[in-house]
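Colleague: Pasting a structure here, questions to come.
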Amino acid sequence: MPVPESFAPVMTDDRPATPSALVAAGYVAVGAVDDVPMLEGRRTTVRGRRIAVFRLPAGFAAIDADCPHAGGPLHDGLVADDCVTCPLHGWRIDLTDGTVVGEGARVGVHDVVERDGRIYVRPGAGDGIAGACAGHGDGTGACGPHADRPGARGPSLDGAAT
Amino acid sequence: MSHPATSTTDVLVVGGGIAGQSVCEALRDRDADLRVTMACEEPRLPFDRVSLSHLLVDGKDPEELRLRPDGWYDDHAVETVVGDPIVDLDPDAGVATLASGGAIAFAHAVLCTGSTPLLPRLPGVELPGVIPFRGPEDCRTIRRAAAAGTDVAVIGGGLLGLEAAYGVASQGARATVVHLSDRLMERQLDDPAAELLEPALRGLGVTVLLERQTRLILGPDRARGLRFADGEQLDCGLVVVAIGIRARTDLAASAGLECGRGIVVDDAMVTSHPRILAVGECAEHRGTVYGIVAPIHEQARVAAETLVVLDAAGPGMEVDHGSAGPAPGVPAEPDVGEITGGRTLYSGSILSAKLKVMGVDVVSIGDGDVPPPPGAPAADGAATSAAVHDRAAGVYRKVVVRDGRLAGAILVGDVRGHELLLDGVNNAIEVPDPLGLLADASQASPADLPDGAQVCNCNGVCKGEIVAAIEEHDLGTTQEVVARTRAGAGCGSCKPTVTEILKVVRGGRVDEATYLCPCRKQTREDLAAVTREQSLESVSELSAACGAGRDCGACKPGLAYLVSEVNDNRHREERHARFINDRVHGNIQNDGTFSVVPRMRGGVTTPSELRRIADVAERFDVPCVKVTGGQRIDLLGIQKEDLPAVWEALDMPSGHAYAKSVRTVKTCVGEQFCRFGLGDSMAAGIELEEMIEGLYTPHKVKLAVSGCPRNCAESLIKDIGLVAIEGGWEVSIGGAGAGTVRQTRLLARVDTKDEALALAIVFLQYYREHGEYLERTAPFVDRIGLDVIREHVLDPERAAALMERFRIAKAACDPDPWRERYAPATANQFSDLDGDATPIGPPDRAATLPLTRVRPTTPEAPDARA
C-alpha cells in the first residue's frame, strides 16, 4: 500500500541508523515491535510525557496519550489506517498530524522509529493545542471546563456497568 | 402532446400552475376515464412556484422545480397544451379558443388562471430594472444583478418581499426592504413577532425602511433609485416589486362570469356558470381570495368531486351541489344538517403558514389578533391572548382566543406544537386556560396529535393516514412516506413532522442512512452479504474486501459482531476490532480505569463470595464498591494493569458487565421464599443466565424473571422479561428502563418454565440475527413488528432452526474471558510499554474532570482539591 506522506519521517532513512546513534539523538527504546499488536496502541512514558504508540499498516505512529477532550486514554482507542477514536467520548484524532477531527484542537505528535525489531520514541518539540481553550496554556492539552461538552462523535459508547 | 386544430375533452383545465396540476391529480384520484386536457399559458409544464425563492438562493435549474416529470402526463392520460394561452371562452357553447387559432371543445372547464403581481401605479414603474418577483425569469434577473454587486431595493415587506431580499443578500449584494407599514409581514405578525425578524435581517446585511411610501422610481434611462413621500431618496440599480397579487379574472369576466376580487365560486367551486369551475388564486370563495398554497389543494379536491358528479349527471343537467357547513374555526351548530349527499364541499380555509423567514422559523395560524392597518376596522370583539416573549432567545409564542375558542396563533423562533394549534384552530376548540394551552403546545410532539389532525396542509393528509400507511406498507424512510401518502410533497414544510411521526411509529428509529460503516456508506445487509459470499472470517478480511472500517475505525466493533454472528462465533477473533472494554474485559470509566463485576447469576450470591469480594476490595484499595441496577457488585476504579490480579484474587468468572452482550438476569425471590410467589424465579433466572451468558448481541441485553405478576424484578422494562403467572409463564420483549422508558410487549404465554426459557432464547437468537448494531430490543421490536417476530419465534420449525444456530454460537463463545489472565490474547494486553524508570502517575483528574470521586472506603481522606 502507498505510504502516506506524513509517515515519511518514520519510514525514511535520514534518521540515525543504529540504536546507539538513535539514543544519542534523543530517542528512547520503549519495547519490541511485537509489543504493540497491529492496529492497536500501547502507552509509554518518556521523559515525563505519556505517549501512545500505534502500530499501523504503514508503520508506527506516536501521539500524546491523553485525549484533549477529557483526558481519555487514546492508546485504548479504536485504531483505523491513520486515525484513532478515543474510547471515552468518541473524539477522533488523525494520527498523521495529531489534529482532532472537527474540533480545531491538536495533540502532540512524536518521532517514532523501528530499528532492529525495536521501537524508539523521541518526544516531539511541539505541545498539543487544545483549540477550544488555548488560554489554559498548561501544555497538557487537557481541558477540564469543557469535559462536559457533548462528544459523541463516534458510535454510541454506552458503557453503563449494569 | 400535439393537438389538432379542434380537439374535444371532458374536462379542460385552464392554467398550468399548482392549482391546475392539483385539479388534474385530484381528478385522476377519483376517475381514470374522464378525458382531461390542461392548457398551460407559460412555455413549460407546471412547476412549484412556492419554491421559487430556492431558484434565487441556490440558482437551481427551474426544471428541478417541475411538479411532475413529462412521463406523468402520459401515464395519467392528461393531454397538455403548452405555451398557447386560451384567449376566449364560450361557456354556453363549451368551446375555448387558443391564441394559435385552435379550439378545444369541453364538457366542463376549470379556471386555474392564478394571479398577477400587483404593480403600484408609480411614475417610473415601467422603466427597465423594475421587475416583479414572480417567475424563473425574474429570479435570473435578480441573481444576475446581485452577482454584479448591484444594490437592490425591494418594495414590500411581506413574505414575498422578504424572500426576494433574502435571495439578494445570499448572493452577497446589498438589499433594502422598503415597506409601507410600521412592521414587517403586518398581516401575519404583531409588533413583538415582527421585531424578532430584525436581528436576522441585520445579520444578513439587509436594511429595512419601515413606513416609507415610495413616490416615484428615479430614471431616466433605467431604474436608478427610489424617492419617498418625505423627499428622501434611495439609490439602487434594481427595483423588485413584491407588494401583493391580483387574481386574474380577465378571461372569466369576458366570458360573462361573475367576478369580484376574484372569480366568484360557491361551496362546490362552481362559478356563476354551471359548467365552469374555478380553483386557486383566481377564485373568490365567500368573499376571500386565497393567496397561499394549502387552500388550493383543498379547493382542487372539492372541484374534482364536483366534476365527477357533473359528469355522472350527464351533459346539460343541473345539479344542486348543496352548501358546506360553517367555515373551519367556526363551531358547527348542532342539528343543522348539510345537504351534501356525502360529498366534500368547501367551507373555506384557515389561513396558516409555516415558513422560514431569513432563517427564522415563523408560523402564523388564523387570527393572530394583529393590529389592523390604519383606517381598517378592528376585528369584532376583544380577543384574549397569552404570549411568551423572550427577546434574548428570539422566541415569541402567542395564542389568540375569541369567545372562549382558539382563533389563532403566532410562533416565531420556536414553532413546537404548531400542528396541535392548527388542529385546535380548525376545530375551534374551547380554551378555558390560554396560558395552559401555550404551555401544552411547547411540550407537544407529533405523537400527541389526534389521528384526524392534518399534518400536510398542502395535500390534506392527516396523521392517521400517515400512521396507517407506515404500518400497512412497512415504510421505513421519510422519502417512502412522502411518496406513498403525498404528505410533504407540497411545500415540504411538514416533512420534519412526517419524519417525527415515522420515528414515533417505528419506535424512535428511522431507516434513513443506517450505515454500519458510515464512512463507506455500507449497511449491515451489504456487509453481511459480502461476508457470506466470500466466506470471510475476520474484520481484517472484510476491511480488505470492501474498505469498511479503514477510515475512522469506529465501526469496527459492529463489524466484529457481524463477522462473529455470520460465522456462528466460529470467526477469527481480532482484538483491534473490539472496543477497549472487550479487549480487557472491564468497563472503561471516565478516568481510564475499569470496573470489575464478577458473575453473580440471578443476583444470587453466597457468604464466601461476599467475603472474597470484600477482601479484594481492601487488598487493592478499590475506590468504590457499589451494588448495580442489575443486582451485581461492582468494583470501580481498577487500573488496567491490576485487572488480572484482581480477577485472580476474586477467583470468580466474568460477569460480562462491559460488552454489547447478554448482561444480567435480574430476579425476585419468587416461590422459594416469597408468600406471593407463583414460580421459582431465582432458579429460572440462574438457569437462563447460564444458558446465554457470554453471547455477544447487537446491543446489550438485560433480562429479568419475576415470580409473580407483582413484577418485583421489573421484568416489564427489560429486553426480555419473564413473569410467572398462575399455571404458567409470560414471556415479553422489547422493554426499556433507561432513556425512553418502554414497557415490554407480550410475546406469548406458555405452560412451563422450560418453554419460557426456550422462547426467550429463540427470541434472543432472532434479535442476534436481525438487529442492527447498537439497536436495543425496544426499537428492534418496533421496527420489525411484533407480528413478524411472532411468526418466526412461535413457528415450531423456525424456532427449532433458531435454537440450533443459538446452540452452535453458544458452544463457540467464551464463557469466561477473565481466563485470559493466564493466557493473554495480545502482547501487553494489560500493560504499558517500557518507559521512564519512574513513570508519572495517571492523568491528573482534578484538572480534567468536574466530578469528585466517591471514596466511601476512606471517608477521612482529605480532599486535595478543596
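The values are calculated or read from the model by the stated rules, or taken from the named source; none is laboratory data. All values derive from a computational prediction rather than experimental measurement. Cβ coordinates were reconstructed from backbone atoms using ideal geometry, including for glycine residues, and neighbour counts include every protein chain displayed. Surface areas here come from the heavy atoms of the whole protein model, side chains and all, with no ligands, DNA or RNA. Shrake-Rupley method; radii C 1.70, N 1.55, O 1.52, S 1.80 Å.
Colleague: Criterion first (under 16 Å from the mean Cα position of the chain (by Cα), modelled with pLDDT under 85 and either part of a helix (DSSP H, G or I) or surrounded by 20 or more Cβ atoms within 10 Å (Cβ to Cβ) (or both)) does residue B:419 satisfy it?
Modeller: Numbers: under 16 Å from the mean Cα position of the chain (by Cα): yes; modelled with pLDDT under 85: yes; either part of a helix (DSSP H, G or I) or surrounded by 20 or more Cβ atoms within 10 Å (Cβ to Cβ) (or both): yes.
Criteria met by residue B:419.
Colleague: Mind counting the residues in region A:65-83 that are at pLDDT 95 or above and more than 7 Å from chain B (Cβ to nearest Cβ)?
Modeller: Qualifying residue count, region A:65-83: 4.
Colleague: Please determine, by comparing only the residues of region B:514-564 that are closer than 18 Å to residue B:699 by Cα and among the polar types (S, T, N, Q), which one is least open to solvent (accessible area, probe 1.4 Å).
Modeller: B:564
Colleague: Counting only residues that are buried (at least 21 other Cβ atoms within 10 Å of the Cβ) and part of a helix (DSSP H, G or I), how many does region B:439-466 have?
Modeller: Looking only at that region, the number is 4.
Colleague: With respect to residue B:755, is the statement that it is assigned to a strand (DSSP E or B) and open to solvent by 10 Å² or more (accessible area, probe 1.4 Å) true?
Modeller: So residue B:755 fails the test.
Colleague: Quick one: how many residues across region B:123-155 are more than 35 Å from the chain's Cα centre (by Cα) and in a strand (DSSP E or B)?
Modeller: Final tally of qualifying residues: 5.
Colleague: Can you find a residue in region B:734-751 that is in a strand (DSSP E or B) and hydroxyl-bearing (Ser, Thr, Tyr)? Explain how you work it out, then say what you get.
Modeller: Here is the first cut: in region B:734-751, the residues in a strand (DSSP E or B) are B:736, B:742, B:745-750.
Adding the requirement that they be hydroxyl-bearing (Ser, Thr, Tyr) leaves none.
Looking for residues that are in a strand (DSSP E or B) and hydroxyl-bearing (Ser, Thr, Tyr), one finds none in region B:734-751, hence no.
Colleague: Can you give me the number of residues within region A:12-35 that are facing another protein chain (nearest Cβ under 7 Å) and in a loop (DSSP other than H, G, I, E, B)?
Modeller: The qualifying residues number 0.
Colleague: Here's a follow-up. Looking at the structure I just gave you, is residue B:648 more than 14 Å from chain A (Cβ to nearest Cβ), open to solvent by 50 Å² or more (accessible area, probe 1.4 Å) and touching a residue at least 24 places away in the same chain (Cβ under 8 Å)?
Modeller: Details: more than 14 Å from chain A (Cβ to nearest Cβ): yes; open to solvent by 50 Å² or more (accessible area, probe 1.4 Å): yes; touching a residue at least 24 places away in the same chain (Cβ under 8 Å): yes.
Answer is yes for this residue.
Colleague: Looking at the structure I just gave you, is residue B:692 open to solvent by less than 30 Å² (accessible area, probe 1.4 Å) and under 23 Å from residue B:789 (Cα atoms)? Break it down stepwise before answering.
Modeller: Details: open to solvent by less than 30 Å² (accessible area, probe 1.4 Å): yes; under 23 Å from residue B:789 (Cα atoms): yes.
Here the answer is yes, as residue B:692 does meet what is asked.
Colleague: Does residue B:824 qualify as being at pLDDT 80 or above and more than 7 Å from chain A (Cβ to nearest Cβ)? Walk me through it before giving the result.
Modeller: Working: at pLDDT 80 or above: yes; more than 7 Å from chain A (Cβ to nearest Cβ): yes.
Criteria met by residue B:824.
Colleague: Tell me the residue from B:768, B:805, B:783, B:798 that is surrounded by 14 or more Cβ atoms within 10 Å (Cβ to Cβ), under 25 Å from the mean Cα position of the chain (by Cα) and part of a helix (DSSP H, G or I), please.
Modeller: B:783
Colleague: Related question: Output the number of residues of region B:575-617 satisfying the condition of being assigned to a loop (DSSP other than H, G, I, E, B), over 20 Å from residue B:831 (Cβ atoms) and within 13 Å of another protein chain (Cβ to nearest Cβ). Talk me through it step by step, then tell me what you get.
Modeller: At the first step, the residues of region B:575-617 found to be assigned to a loop (DSSP other than H, G, I, E, B) are B:578-579, B:585-586, B:589-593, B:597, B:599-600, B:604-606.
So of that shortlist, the ones also over 20 Å from residue B:831 (Cβ atoms) come out as B:590, B:597, B:599-600, B:604-606.
Checking which are within 13 Å of another protein chain (Cβ to nearest Cβ) leaves us with B:590, B:597, B:600.
Residues meeting the conditions: 3.
Colleague: Looking only at region A:1-59, count how many residues are among the aromatic types (Phe, Trp, Tyr) and modelled with pLDDT of 85 or more.
Modeller: 2
Colleague: Still on this structure: Test residue B:736 against the criterion of being within 38 Å of the chain's Cα centre (by Cα), at negative phi and either surrounded by fewer than 24 Cβ atoms within 10 Å (Cβ to Cβ) or not assigned by TED's automatic domain parsing to the domain that holds residue B:774 (or both), and give yes or no.
Modeller: Values: within 38 Å of the chain's Cα centre (by Cα): yes; at negative phi: yes; either surrounded by fewer than 24 Cβ atoms within 10 Å (Cβ to Cβ) or not assigned by TED's automatic domain parsing to the domain that holds residue B:774 (or both): yes.
So residue B:736 passes the test.
Colleague: Would it be correct to say that residue B:702 is open to solvent by 20 Å² or more (accessible area, probe 1.4 Å), in contact with a Lys or Arg (Cβ under 6 Å, 6 or more places away or on another chain), in a strand (DSSP E or B) and more than 30 Å from residue B:828 (Cβ to Cβ)?
Modeller: Answer is yes for this residue.
Colleague: Now, a different point. Given the conditions (1) farther than 28 Å from residue B:242 by Cβ; (2) in contact (Cβ under 8 Å) with a residue 24 or more places away in the chain, report the number of the one that residue B:86 does not fulfil.
Modeller: The one condition residue B:86 does not meet is (1).
Colleague: Out of curiosity, is residue B:340 farther than 30 Å from residue B:496 by Cα and either modelled with pLDDT under 75 or open to solvent by less than 70 Å² (accessible area, probe 1.4 Å) (or both)?
Modeller: Details: farther than 30 Å from residue B:496 by Cα: yes; either modelled with pLDDT under 75 or open to solvent by less than 70 Å² (accessible area, probe 1.4 Å) (or both): yes.
So residue B:340 fits the description; yes.
Colleague: On the basis of being more than 9 Å from every other protein chain (Cβ to nearest Cβ) and assigned to a strand (DSSP E or B), does residue A:111 make the cut?
Modeller: Considered against the rule, which asks whether it is more than 9 Å from every other protein chain (Cβ to nearest Cβ) and assigned to a strand (DSSP E or B), residue A:111 comes out as yes.
Colleague: Need a quick list: helices (runs of 4 or more DSSP H) entirely within region B:156-266 having at least 2 residues that are assigned by TED's automatic domain parsing to the domain that holds residue B:111, touching a residue at least 60 places away in the same chain (Cβ under 8 Å) and surrounded by fewer than 23 Cβ atoms within 10 Å (Cβ to Cβ). If you could, list the steps in order and put the result at the bottom.
Modeller: Numbers: elements: B:159-170, B:191-195, B:197-203, B:250-254.
Answer list for region B:156-266: B:250-254.
Colleague: Looking at region B:267-306, which of the residues that are in contact with a Cys (Cβ under 6 Å, 6 or more places away or on another chain) and part of a loop (DSSP other than H, G, I, E, B) is nearest to residue B:119 (Cα to Cα)? Talk me through it step by step, then tell me what you get.
Modeller: From region B:267-306, those in contact with a Cys (Cβ under 6 Å, 6 or more places away or on another chain) are B:279-280, B:293-294, B:297; that's our starting set.
Of the ones still in play, those that are also part of a loop (DSSP other than H, G, I, E, B) are B:279-280.
Values: B:279: 23, B:280: 20 Å.
Here the residue is B:280.
Colleague: May I ask you to say which residue of A:66, A:97 is among the charged types (D, E, K, R), open to solvent by 10 Å² or more (accessible area, probe 1.4 Å) and over 14 Å from residue B:592 (Cβ atoms)?
Modeller: On the way: A:66 fails: over 14 Å from residue B:592 (Cβ atoms).
Criteria check complete, one pass: A:97.
Colleague: State which residue is most open to solvent (accessible area, probe 1.4 Å) when the search covers only region B:365-382 and only residues that are among the hydrophobic types (A, V, I, L, M, F, W, C) and at pLDDT below 85.
Modeller: Looking at residues that are among the hydrophobic types (A, V, I, L, M, F, W, C) and at pLDDT below 85, I get B:382.
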